[in-house]
Amino acid sequence: MAMEGYRGFLALLLSALLVGFLSVIFTLIWVLHYREGLGWDGTALEFNWHPVLVVTGFVFILGIAIIVYRLPWTWKCSKLLMKSIHAGLNTVAAILAIISLVAVFDFHNAKKIPNMYSLHSWVGLTAVILYILQLLLGFFVFLLPWAPLSVRALLMPIHVYSGLFIFGTVIAAVLMGLTEKLIFALKSPSYSSLPPEGVFTNTLGLLILVFGALIFWIVTRPQWKRPKEPNSVLLQPNGGAPEGVESSMAMNFGNVDKSDSELNNEAAARKRNITLDEAGQRSTM
């Protein structure tokens with residue numbers, strides 16, 4: 001099935017992949033060149049894993065997971081396969097986000113720095129908790145064949161909205177975290193004097209913002225939505241019975257009506273036969 005506006009979709013998709021990849025590269029350059037590298041020893045080198053893992057998993061991979069259903073060359077793949085890819089990408093993003101939190105708390109505890117006092121930490125932890133709940137909900141309701149179709153139809157709009165809400169919340173938390181880190185780290189020269197590190201990291205923030213905008217635009221275009229499978233069972237939006245069930249019920253009702261009419265005809269024929277037999281018997285007598 002051909003996609004409407006395929007060239008526009010392809011241009012936006014390539015732009016999103018390029019901007020997202022540049023965001024990851026810029027984050028690595030920032031921590032390796034300006035923040036002295038990576039480590040896992042309770043020092044600032046361990047903290048540097050936090051922005052790297054968040055941008056890589058919680059921004060870039062999560063964004064790809066959101067638009068994976070929009071890729072037209074995957075429309076011939078089974079829905080179960082696409083669900084598995086979607087769930088796998090989200091699982092990787094969740095694991096990287098959890099490791100990034102461990103790095104932050106480990107660094108704060110080693111340096112005797114208070115935890116969870118800034119708005120960035122509040123928003124970020126909220127996003128992680130909501131994301132894990134979203135992942136569990138998607139796994140048990142949509143991936144495993146346990147939930148009834150009516151429950152899936154009811155939760156699907158909530159699942160889609162909450163996914164976009166979490167993605168937007170993650171981007172907001174990342175931008176707050178970048179600003180907070182620069183304010184604390186840049187003292188001489190100060191952040192307000194626009195040093196090279198400040199300009200470079202601000203550019204990183206703009207790349208993340210543009211990436212989020214491209215993902216939101218791609219996923220909200222109705223003409224780029226994955227078409228429904230022709231043999232799938234669809235639920236009515238008003239909570240009625242599935243279309244397939246309705247058609248089969250209509251056929252069954254037709255058979256029932258036909259059987260009733262046949263039975264009525266047979267009963268009438270019997271009555272006529274009995275009447276004729278009685279008439280014959282009377283005439284004989």
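The values are calculated or read from the model by the stated rules, or taken from the named source; none is laboratory data. These figures come from a predicted structure and were not determined experimentally. All Cβ positions, even for glycine, are placed from backbone atoms using ideal geometry, and neighbour counts span all protein chains on display. Side chains included, ligands, DNA and RNA excluded: accessible areas come from the protein's heavy atoms. Shrake-Rupley method; radii C 1.70, N 1.55, O 1.52, S 1.80 Å.
Screening LEU135 with (1) more than 15 Å from the chain's Cα centre (by Cα); (2) under 30 Å from ILE158 (Cβ atoms) gives one miss only, at (1).
Among the residues of the stretch 179-195, those that are surrounded by fewer than 17 Cβ atoms within 10 Å (Cβ to Cβ) and in contact (Cβ under 8 Å) with a residue 60 or more places away in the chain comprise GLU180, ALA185. Scanning the stretch 106-133 for residues that are surrounded by fewer than 16 Cβ atoms within 10 Å (Cβ to Cβ), in a helix (DSSP H, G or I) and aromatic (Phe, Trp, Tyr) turns up just one, TRP122.
Table: residues versus (1) assigned to a loop (DSSP other than H, G, I, E, B); (2) touching a Phe, Trp or Tyr at 6+ places or on another chain (Cβ under 8 Å); (3) modelled with pLDDT under 90; (4) not charged (D, E, K, R).
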{"residue": "LEU207", "(1), (2), (3), (4)": "no, yes, no, yes"}
{"residue": "VAL210", "(1), (2), (3), (4)": "no, no, no, yes"}
{"residue": "ALA213", "(1), (2), (3), (4)": "no, no, no, yes"}
{"residue": "SER259", "(1), (2), (3), (4)": "no, no, yes, yes"}
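The number of residues in the stretch 104-120 that are closer than 20 Å to ALA172 by Cα and touching a helix residue (DSSP H, G or I) at 6+ places or on another chain (Cβ under 8 Å) comes to 6. Output the number of the condition that LEU154 fails; it satisfies all remaining conditions of (1) under 26 Å from ALA173 (Cβ atoms); (2) assigned to a helix (DSSP H, G or I). It is condition (1) that LEU154 fails.
If you go through the stretch 64-105 and keep only what is outside any helix (DSSP H, G or I) and open to solvent by less than 40 Å² (accessible area, probe 1.4 Å), you end up with LEU71, TRP75.
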